[in-house]
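A short write-up of the structure that comes next.
Since every read-out is calculated from the coordinates, none of them should be taken as a lab result. What you see is a predicted model; the values in this text were computed from it and never measured. As a convention, Cβ positions derive from the backbone with ideal geometry for all residues, glycine included, and neighbour counts pool all protein chains shown.
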Amino acid sequence: RALIRDAKLIIMDEPTTAITKKEIDKLLSVIVDLKERGISTLFVSHKLSEVLQIAEKVTILRDGKKVGDYNARELDYDSISFYMSGKKIDHSVFNYQQGSDQKTLLEIKNLTKQGQFKDISFQLKPGEIIGMIGSLGSGRTEVALSLFGLNKPDSGTIFINEKPVKINSPQKAISLGLCYLPEDRLNQGLFLRQSIQNNVVVTNLKRLLGKSRLLNNSKKYQYAKMWIDELNVNVPSLEVAVQALSGGNQQRVVIAKWLATDPKVFILDSPTVGIDVNSKSNIHNLIRQLAQKGIGVIMISDEVPEIVRNCNRILVMAEGRIVQEVNTVDITEDELFDLVSSNSKNSEG
């Protein structure tokens, strides 16, 4: 439409959200073609790798104000992160220390659901962060939903603490020590119009009942405050509606809600999507702290740097299968990017 109207400037606001790697490559190629035809592009994005790949000049904003204009060749991931947040962001790699004689927290053997995923098998140890990466349609989210009782598989076995289990509902998953943070936190992870307090306690109402079997408001407040303080959620009041919080604080509330269930396995689907770079770093640090406490973490993401820096093992998925499993120490970000891209092209071609 823009080309038909003979546009000289095309503004693209987060254009790569919810499209495949192959489609992203095509879009970036189109932007290059537009430039050669004398058409300028204003590319608005929080995905730093794409900005560095496509831009010649970069304007960085923070808190609604312009920080500065920069030549893209003079920037890298760390410098953009610093200008965006005003702080030095920790981009260190997660260091997993495996204990001796560790039992397996979670094991999946040949999990299959027709049309979604096939023969999915892997193990998760205490304190591990396993990454699942693949293009849209690779089956990664569908596997996560099956583990949480929201997508019944056709066959295969799930083991918790080395014992076979049937997970046919979220309630059953929670009782077994599993929790799931969905990709769409606004519609699936939170009650937006409800208070922070109500969102945190919703997973554990039974323990907050008084002698009359009615909800004890004092217990409710203290319980919610304990978890909000634990996760350093900076809010003026627990009665504030969750919809008024920043993306980073909203995600912390979701995590607090699930930590209140005393989970053994935390499944995180795109945990930093739509979150600013500073809050993203804070969420990453929080996830590492969960692992240090012995919680097993499964992190689903399509952001290569996020997976490489925060996981000790990576499962690459395509067409509903695990096509490769690699240790983070054995692969670079560029190599993983190429691996995901090549499998995406194979599945689409």
Between ASP119 and GLN98, what's the calculated FRET efficiency when r is the beta-carbon distance and R0 is 35 Å? Round to 0.05.
0.85
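Rank these for me by crowding, THR16, THR141, going from fewest to most other beta carbons within 10 Å. Spell out each step's value before the answer.
Details: THR16 19, THR141 22.
Going from sparsest to densest Cβ surroundings: THR16, THR141.
To check you understand DSSP bridge types, tell me what percent of the beta bridges within the chain (both residues inside) are antiparallel, rounded to 5.
Working: 27 of 49 bridges.
Approximately 55 percent, going by the DSSP bridge assignments.
Taking the Cα centre of the chain as origin and charging only Cβ (+1 Lys, Arg; -1 Asp, Glu), how large is the dipole, in debye to the nearest 20? Could you put the intermediate results ahead of the total?
Details: 45 positive and 41 negative charges, 351 e Å.
Dipole of the chain, to the nearest 20 debye: 1680 debye.
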Sum -39500 (n - 2.57) across every DSSP H segment of at least 4 residues in the chain, then divide by the residue count to get the 222 nm mean residue ellipticity, nearest 500.
-10000 deg cm²/dmol
Residues in the stretch 173-208 near a label at VAL165, defined as backbone nitrogen under 14 Å from the 7 Å Cα→Cβ point?
173-180
For the stretch 138-275, with +1 on Lys and Arg beta carbons and -1 on Asp and Glu, the positive-most of THR141, GLN197, PHE159 along the dipole:
GLN197
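Hey, with R₀ at 22 Å, roughly what FRET efficiency would LEU205 and ALA241 work out to, going by the Cβ-Cβ distance, to 0.05? List each step's numbers first, then the result.
Working: r = 19 Å, r/R0 = 0.88.
Computed FRET efficiency for LEU205 and ALA241: 0.70.
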Reachable lysines from LYS22, Cα under 19 Å, same-chain residues fewer than 8 places away excluded?
LYS47, LYS345
Cα to Cα, under 18 Å, and not fewer than 8 places away if on the same chain: which lysines meet these conditions relative to LYS35?
LYS8, LYS26, LYS57
What FRET efficiency comes out for the pair ASN285/LEU9, r = Cβ-Cβ distance, R0 = 41 Å, nearest 0.05?
0.55
Can you find, among LEU9, ILE300, ILE39, the residue farthest towards the positive end of the dipole of the chain? Put +1 on the C-beta of Lys and Arg, -1 on that of Asp and Glu.
ILE300
When GLU335, GLU306 are arranged by how many other beta-carbons sit within 10 Å of their Cβ, fewest first, they go GLU335, GLU306
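Using the crude model of +1 on Lys and Arg Cβ and -1 on Asp and Glu Cβ, and no other charge, please compute the dipole size for the stretch 208-349 relative to its Cα centre, in debye to 20. Could the numbers behind the result be given before it?
Values: 15 positive and 17 negative charges, 248 e Å.
For this selection, approximately 1200 debye.
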Which lysines does LYS206 reach when only Cα atoms under 22 Å apart count, and residues fewer than 8 places away in its own chain are ignored?
LYS172, LYS219, LYS220, LYS225, LYS257, LYS264
